[in-house]
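Before any comments, here is the structure.
The values are calculated or read from the model by the stated rules, or taken from the named source; none is laboratory data. Remember, it's a predicted structure, so these values are computed and weren't measured experimentally. Glycine gets a Cβ as well: all are built from the backbone with ideal geometry, and neighbour counts include every protein chain shown. These area figures cover heavy atoms from the full protein model, side chains too; ligands, DNA and RNA do not enter into them. Shrake-Rupley method; radii C 1.70, N 1.55, O 1.52, S 1.80 Å.
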Amino acid sequence: NGYAFRNFTLPQRLLSEPRIIFEYLRMLVLPLPGGMGFFHDDVVLSTGLLHPPTTLAAILGLVALAISAWLVRRRFPLVALGIAIFLIGQSMESSVFALLPMFEHRNYLPSFGIFLALTELLACLFTKRSRYVQMAVAGTIILSLTLLLAIRVAHWSSGLAFYRAAVKVHPNSSAATAGLAQIYLDAGKPDLEIEVLASHKSLGAQLQLTYIQCQTKGFVSNARLKRLAELPLGHLDSYPVTGLTMLGSLGISGKCRFSNTDFSRLIDRAARVDTTAHNLRYMLYI
């Protein structure tokens, strides 16, 4: 029943997770700033084995990874153990449960398995090399990871830097867009906030933009409300529902003028689709 509140089905989640697991692997092995990001609500869901084509490749890749671990278990036991730790660690949150598809924190414990496997592989490759080669390889790895860590720390050094980096890596993320817009609003920079929201076409972002215009101008045009009503809804999460309730509050208080009829149509349409939680539906009804 958990899938009743999601905008994806159980088969779609199961098809998507192999691709996501390989994305986790990429982030662990090559933690490049341009491929990281805290928000992953823009992940593309798999709707079939070839939609996208990497779905089938990822499924076969997972099977090959598991078989490889079994085949090398005697010669490279730590490699086999590391792969097993990673796959078992992902087996709950990357399988049938109706969680959101992707979160980096799901790698905290499983990542140990990948680093364990990589350590044994590196040891096998360079144990018989000269000490200078070993030092050069170790130094290169440490220096590279240190530089990447410094970049990552800089991205997390302030709210503005964090959300700017998040939007750059995930421009289609509603969460990252809303966060950056809020940062600009708190800093008293409504022009930058409007610029960020205007480029994002989701209902939540457009409602937030409408709310700002409502506050600054004191009215919302009928044409804008009608455009909002034409946007795809899908399963409504807290972002668009909060935007609807805040916009409604401005209208009720008289701080913003707009067509009650057009707004009621928008609310009525929103109340007819599924929400990601029961309390969001209650908010719409109220």
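Computed from Cα positions, the angle between helix 77-90 and the longest principal axis of the chain comes to roughly 10 degrees. The Rg/Rh ratio of the range 56-146, with both radii computed over alpha carbons and Rh defined as the Kirkwood radius, is 1.06. Per residue, the accessible area of the chain comes to 58 Å² when a 1.4 Å probe rolls over the protein heavy atoms.
Centre-to-centre, using Cα atoms only, the range 100-145 and the range 186-246 are separated by 45 Å.
In this rough spin-label picture, where each label sits 7 Å from Cα along the Cβ direction, the residue 137-residue 44 distance is 3.6 nm. For the chain, the cysteines with no partner cysteine C-beta closer than 4.7 Å are 124. One decimal place: the segment residue 216-residue 70 gains 46.2 nm when fully extended, by the rule 0.36 nm per residue minus the C-alpha distance. Here the simple spin-label model places points 7 Å from the Cα toward Cβ, and for residue 129 and residue 147 these points are separated by 1.8 nm.
For the Cα atoms of the chain, what angle does the longest principal axis make with the long axis of helix 238-253, in degrees from 0 to 90, nearest 10? With rounding to tens, the tilt is 20 degrees. Relative to the longest principal axis of the C-alpha atoms of the chain, give the angle of the C-alpha long axis of helix 174-186, reported between 0 and 90° and rounded to the nearest 10°. Once rounded, the angle reads 60 degrees.
Of 93, 230, the residue with the largest accessible area leads and the full order is 230, 93 (1.4 Å probe). Computing Kirkwood radius over Cα pairs in Å for the structure here picks out one of (i) 23.1; (ii) 19.6; (iii) 22.0, namely (iii). With the cut-off at 1.5 for a/c, could you classify the range 110-231 from its C-alpha gyration tensor as rounded, prolate or oblate? Prolate, since a/c reaches 1.5 and a/b exceeds b/c. When peptides 251-259, 199-207 are sorted by average Cβ neighbour count within 10 Å, with the highest value leading, the order is 199-207, 251-259. With a/c under 1.5 counting as rounded, go ahead and sort the range 184-238 into rounded, prolate or oblate using the C-alpha gyration tensor (a ≥ b ≥ c being the square roots of the eigenvalues; past the cut-off, prolate if a/b is larger than b/c, else oblate). Note, shape of the range 184-238 comes out oblate. Solvent-accessible area of residue 264, all protein chains in place: 70 Å² (probe radius 1.4 Å, heavy atoms, ligands and nucleic acids excluded).
Exceedance of the 18 Å cut-off in Cα-Cα distance is limited, within the set 201/226; 201/255; 189/217; 217/255, to 201/255. Modelled label positions at residue 255 and residue 22, each set 7 Å beyond Cα in the direction of Cβ, lie 5.0 nm from each other. Each Cα pair under 8 Å and six or more residues apart adds its sequence gap; the mean of these over the residue count of the chain is a relative contact order of 17 percent.
Overall, the anisotropy analysis places the range 59-98 in the oblate class: the square-rooted eigenvalues a ≥ b ≥ c of its C-alpha gyration tensor yield a/c not less than 1.5, with a/b not exceeding b/c.
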